[in-house]
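The values are calculated or read from the model by the stated rules, or taken from the named source; none is laboratory data. Everything quoted here is computed from the prediction, not taken from an experiment. Cβ sites come from the backbone with ideal geometry, for glycine too, and all protein chains shown count toward neighbours. Heavy atoms of the whole protein, side chains included, go into the accessibility calculation; ligands, DNA and RNA do not. Shrake-Rupley method; radii C 1.70, N 1.55, O 1.52, S 1.80 Å.
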Amino acid sequence: MTKNIHFLILFILLNILEFNVNLTKSNPQPQFPCQPPHHKYTFCNKKLSISTRVHSLISLLTIDEKILHLSDNTTSIPRLGLPAYEWWSESLHGIGTNGPGINFNGPIKSATSFPQVILTAAAFNRTLWHSIASAIAVEARAMYNTGQSGLTFWAPNINVFRDPRWGRGQETPGEDPMVVSAYAIEYVTGFQELNSKADKESSNGHGFGNTRRVLKEDDDAGDKLMLSACCKHFTAYDLEKWGDATRYDFNAVVTKQDMEDTFQAPFRSCIQQAKASCLMCSYNSVNGVPACADKVLLDKVRTDWGFDGYITSDCDAVATIYENQNYTKTPEDAVALALKAGTNINCGTYMLRHVKSAFQQGSVLEEDLDRALQYLFSVQFRLGLFDGNPAKGQFAKFGPQDVCTSNNLELALDAARQGIVLLKNDQKFLPLDKRSISTLAIVGPMANVSSPGGTYTGVPCKLKSIHEGFHRHINRTLYAAGCLDIGCNSTAGFPDAISIAKEADYVIVVAGLDLSQETEDLDRYSLLLPGNQTNLVTALAAVSKKPIILVLTGGGPIDVSFAEKDPRIASILWVAYPGETGGKALSEIIFGYQNPGGKLPMTWYLESYTKVPMTNMNMRADPANDYPGRTYRFYTGDPLYGFGHGLSYTSFSSQLLSAPNRLSLSLGKSNWKRSILAQEHSRFGYIHVDEVPSCSLSKFFIHISVTNDGDMDGNHVLLLFSRVPQNIQGAPLKQLVGFDRVHVPARKSVETSLSINPCEFLSFSNDQGNRILALGEHTLILDDIEHIVSIEM
């Protein structure tokens with residue numbers, strides 16, 4: 001009897017053990033330092049300051065162990081209880097599969113796929129941007145808790161969309177430095193912060209919000225992070241492969257003027273205002289020096305901007321210093337130069353392979369290693385990686401139940417609704433009345449692609465195509481690809497497409513771009529629709545019973561001037577890469593359940609713009625050399641669609657309720673030398689911003705009333721521009737100084753305000769790279785309103 005009981009107890013224990021093993025396999029936990037018996041090290045003592053703990057840890061490492069931490073994939077150090085760690089994870093518009101730090105093989109099989117950044121930017125909605133970043137952060141932390149990701153993510157991409165052919169322009173918030181800066185601030189703060197508001201915040205101005213699960217922040221949290229965001233690619237990076245130039249060897253020749261008020265502005269905001277904890281240096285050289293080896297460039301980030309995070313190279317960007325750019329004579333010189341310049345970690349293995357020999361040669365000192373590790377470990381400590389078991393930590397509750405939630409999917413849907421841009425709508429052709437439609441034809445290879453998300457996409461929660469978004473509205477939908485693929489080099493599929501177009505009541509053609517045309521390592525040479533797509537569109541327009549609807553995919557501008565001029569093509573919509581909810585959002589707009597309100601965040605040029613060399617980095621026009629300039633701020637030609645273009649099903653009118661007519665700046669008496677300089681510069685019609693200590697105190701507000709003059713509720717994007725008072729060399733034609741998105745019910749009015757800091761938003765850079773503020777009459781432009789503000793000293 002006793003023997004049987006012992007066997008029974010042993011059987012139960014073995015089953016419990018097997019259950020726990022299986023549970024661990026199905027619910028893996030992240031590895032973490034400071035587990036017994038290693039928890040007694042000084043660096044594990046949470047009562048000490050982070051700097052003290054970091055110093056303690058570094059002092060315990062050998063030279064070889066220090067070198068192991070200079071790669072994104074750090075090796076474990078068992079004697080100190082330090083597990084391996086992968087720094088590289090991606091979260092551009094949802095958790096991506098690009099970085100090796102992410103896997104979808106655990107309990108979490110997918111994550112919310114938000115629209116590509118360029119479409120979200122078209123909403124011009126700061127609250128929406130912040131909500132998306134917060135939602136991605138919760139899913140990221142949930143994946144960390146299941147052992148499926150790290151805590152350091154390399155997003156957002158805040159390079160300015162300078163050239164329309166750039167394959168990665170889709171990843172950015174567009175061409176305007178102010179918008180890109182604003183996006184950077186919202187993304188980084190939403191992603192990194194320890195907690196957020198518990199109440200619902202409206203992301204579209206009329207009641208829809210995203211509730212972020214909130215955990216109380218400890219009073220002594222200080223500089224601690226929920227996650228780490230990384231602003232990339234620093235700097236003047238916006239070319240993949242064009243002509244003989246590649247991103248690995250391209251030397252971006254940039255003027256001081258363009259560097260200050262275009263390329264650097266978003267990164268400065270990302271660091272100073274958003275407090276990003278990571279910066280990624282780019283592949284390219286800037287004015288002859290590889291970005292990851294440019295000590296002047298990287299020192300400015302720390303000394304002038306106050307950056308205290310870590311600096312990573314783009315992947316293998318340290319290798320390109322020697323291998324592609326031939327900037328050094330040896331690999332050892334390349335790694336030494338990068339470390340001394342301020343690059344702290346190498347994505348890749350180049351430092352792992354060459355730092356030891358560089359150390360032995362004396363070109364790398366131990367203090368160079370310690371300085372890099374100080375920044376790296378400081379971020380890890382701020383993330384709580386050395387604070388014990390994360391299962392008992394502040395964010396332990398996040399798990400699979402927080403991923404692909406109904407709230408997040410609704411947020412993704414709302415982002416697509418807000419971003420989609422109506423480019424053309426002749427005679428109010430849209431919205432369609434679905435009650436009058438018995439058969440709808442949908443044509444185009446992109447219409448049947450599941451969850452078109454663009455670059456850096458993960459595994460979507462639900463695989464849905466644009467075509468599928470129309471099924472719930474129309475009982476009979478016909479589909480034909482028309483082209484075998486987006487390149488459309490064959491017309492073999494035309495007959496099937498023409499056949500269903502003849503049969504249907506209405507025809508929707510989904511044309512444009514995909515990642516075979518624009519992506520990382522791939523720029524375009526033409527702005528026209530690829531292959532025979534234009535012929536397909538015109539052929540369908542010729543046989544359709546009614547004018548057709550053209551839907552454009554892709555992140556870059558497309559010259560569809562043929563469609564803009566063709567009365568047989570009544571409406572054109574741009575959906576970019578709308579993600580897993582894009583089909584539903586598009587169908588709701590076409591059938592009038594939603595009113596389009598997106599605005600283009602970049603200029604759409606004509607094909608003739610491709611004559612401009614992509615390698616010419618100059619923003620300002622140079623008429624003497626037939627150079628037309630770049631972006632709406634400096635382009636002197638006529639675009640197909642301008643920055644900020646976008647139509648609505650209703651009409652809006654704006655009224656300026658109040659705005660100052662005069663602004664007086666005081667020089668003060670604190671610095672007589674600065675006062676004399678300011679007086680001298682004022683003779684030329686401007687002053688240097690840094691010469692006016694009171695400038696930041698001169699912030700003013702523009703109060704606006706917006707009226708919806710139509711019969712349909714809608715969202716209106718307010719874009720406030722300024723024009724300088726006189727022709728100062730290098731001044732923008734106009735520049736954005738404020739924006740907002742407001743929801744206005746039909747036949748109603750709402751009021752809003754825009755805050756303007758004259759030093760920040762009314763200034764621009766002179767040819768020496770100094771920001772100047774023109775004196776005299778500045779013209780503020782809002783819709784069809786112009787208002788003069790005179791700035792005096």
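Key figures for this structure:
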| quantity | calculated |
| --- | --- |
| Number of the condition not met by Thr75 [criteria: (1) open to solvent by less than 10 Å² (accessible area, probe 1.4 Å); (2) more than 14 Å from Ala229 (Cβ to Cβ); (3) touching a helix residue (DSSP H, G or I) at 6+ places or on another chain (Cβ under 8 Å); (4) not acidic (Asp, Glu)] | (1) |
| Selection within segment 519-532 - of a type outside the set (A, V, I, L, M) and crowded, with 24+ Cβ neighbours inside 10 Å | Asp523, Arg524 |
| Selection count where residues are open to solvent by 10 Å² or more (accessible area, probe 1.4 Å) and of a type in the set (Gly, Ala, Ser), scope segment 107-117 | 1 |
| Test for Ile67: is it at pLDDT 90 or above and assigned to a helix (DSSP H, G or I) | yes |
| Residue within segment 645-652 that is in contact (Cβ under 8 Å) with a residue 12 or more places away in the chain and touching a Phe, Trp or Tyr at 6+ places or on another chain (Cβ under 7 Å) present | no |
| Subset tally (residues that are at pLDDT 95 or above and outside any strand (DSSP E or B)) for segment 740-761 | 4 |
| Residue among Ala746, Ala731, Ala774 that alone is closer than 30 Å to Pro623 by Cβ and open to solvent by 10 Å² or more (accessible area, probe 1.4 Å) | Ala731 |
| Selection within segment 347-366 - open to solvent by 10 Å² or more (accessible area, probe 1.4 Å) and within 20 Å of Gly309 (Cβ to Cβ) | Gly348 |
| Output for segment 616-631, where each listed residue is crowded, with 18+ Cβ neighbours inside 10 Å and among the hydroxyl-bearing types (Ser, Thr, Tyr) | Thr631 |
| Filtered residues of segment 533-550 (kept if among the β-branched types (Val, Ile, Thr) and crowded, with 17+ Cβ neighbours inside 10 Å) | Thr534, Val537, Ile548, Ile549 |
| Pair list, Cβ < 6 Å and 6+ apart or interchain, from segment 563-576 residues that are open to solvent by 10 Å² or more (accessible area, probe 1.4 Å) to residues that are in a helix (DSSP H, G or I) | Arg568/Ala541 |
| Any hit, segment 37-49, residues being open to solvent by 50 Å² or more (accessible area, probe 1.4 Å) and within 30 Å of Leu411 (Cα to Cα) | no |
| Qualifying residue in segment 165-186 (condition: among the acidic types (Asp, Glu), open to solvent by 10 Å² or more (accessible area, probe 1.4 Å), outside the structural domain of Glu520 (by the TED database) and in a helix (DSSP H, G or I)) | yes |
| So Val335, is it in contact (Cβ under 8 Å) with a residue 24 or more places away in the chain, in a helix (DSSP H, G or I) and either within 30 Å of Leu586 (Cβ to Cβ) or open to solvent by less than 60 Å² (accessible area, probe 1.4 Å) (or both) | yes |
| Subset of segment 762-777 (residues that are on the phi < 0 side of the Ramachandran plot and within 31 Å of the chain's Cα centre (by Cα)) | Leu762, Ser763, Phe764, Ser765, Asn766, Asp767, Gln768, Asn770, Arg771, Ile772, Leu773 |
| In segment 465-492, the residues that are assigned to a loop (DSSP other than H, G, I, E, B), crowded, with 20+ Cβ neighbours inside 10 Å and touching a strand residue (DSSP E or B) at 6+ places or on another chain (Cβ under 7 Å) | Ile466, Ile474, Gly482 |
| Checking Pro452 against (1) more than 32 Å from the chain's Cα centre (by Cα); (2) assigned to a loop (DSSP other than H, G, I, E, B), the condition it does not meet | (1) |
| When residues of segment 27-49 are limited to those that are out of contact with any Leu (no Cβ under 8 Å at 6 or more places or on another chain) and in a helix (DSSP H, G or I), the one modelled with the highest pLDDT | Cys44 |
| Matching entry among Thr52, Thr97, Thr120 (being surrounded by fewer than 21 Cβ atoms within 10 Å (Cβ to Cβ) and either among the hydrophobic types (A, V, I, L, M, F, W, C) or in a helix (DSSP H, G or I) (or both)) | Thr52 |
| Per-region count, segment 135-160, residues open to solvent by 10 Å² or more (accessible area, probe 1.4 Å), polar (S, T, N, Q) and under 22 Å from Val117 (Cβ atoms) | 1 |
| Residue among Pro613, Pro639, Pro557 that is assigned to a loop (DSSP other than H, G, I, E, B) and open to solvent by less than 10 Å² (accessible area, probe 1.4 Å) | Pro557 |
| Scan of segment 428-450 for residues that are at positive phi and either open to solvent by less than 10 Å² (accessible area, probe 1.4 Å) or touching a strand residue (DSSP E or B) at 6+ places or on another chain (Cβ under 7 Å) (or both), ordered by number | Gly444 |
| Within segment 493-518, considering residues that are open to solvent by 30 Å² or more (accessible area, probe 1.4 Å) and of a type in the set (Gly, Ala, Ser), the one nearest to Ile549 (Cα to Cα) | Ser499 |
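Conditions (1) of a type outside the set (D, E, K, R); (2) open to solvent by 30 Å² or more (accessible area, probe 1.4 Å); (3) under 18 Å from Phe263 (Cβ atoms), marked per residue:
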| position | (1), (2), (3) |
| --- | --- |
| Val286 | yes, no, yes |
| Pro290 | yes, no, yes |
| Val296 | yes, yes, yes |
| Trp305 | yes, no, yes |
| Asp314 | no, no, yes |
| Ala319 | yes, no, no |
| Asn324 | yes, yes, no |
| Thr328 | yes, no, no |
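Listed here are the residues, each with its yes/no results for (1) open to solvent by 30 Å² or more (accessible area, probe 1.4 Å); (2) under 21 Å from the mean Cα position of the chain (by Cα); (3) modelled with pLDDT of 95 or more; (4) closer than 30 Å to Lys46 by Cα.
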site	(1), (2), (3), (4)
Ala229	no, yes, yes, yes
Asp249	yes, no, yes, no
Lys256	yes, no, yes, no
Gln264	no, yes, yes, no
Ser277	no, yes, yes, yes
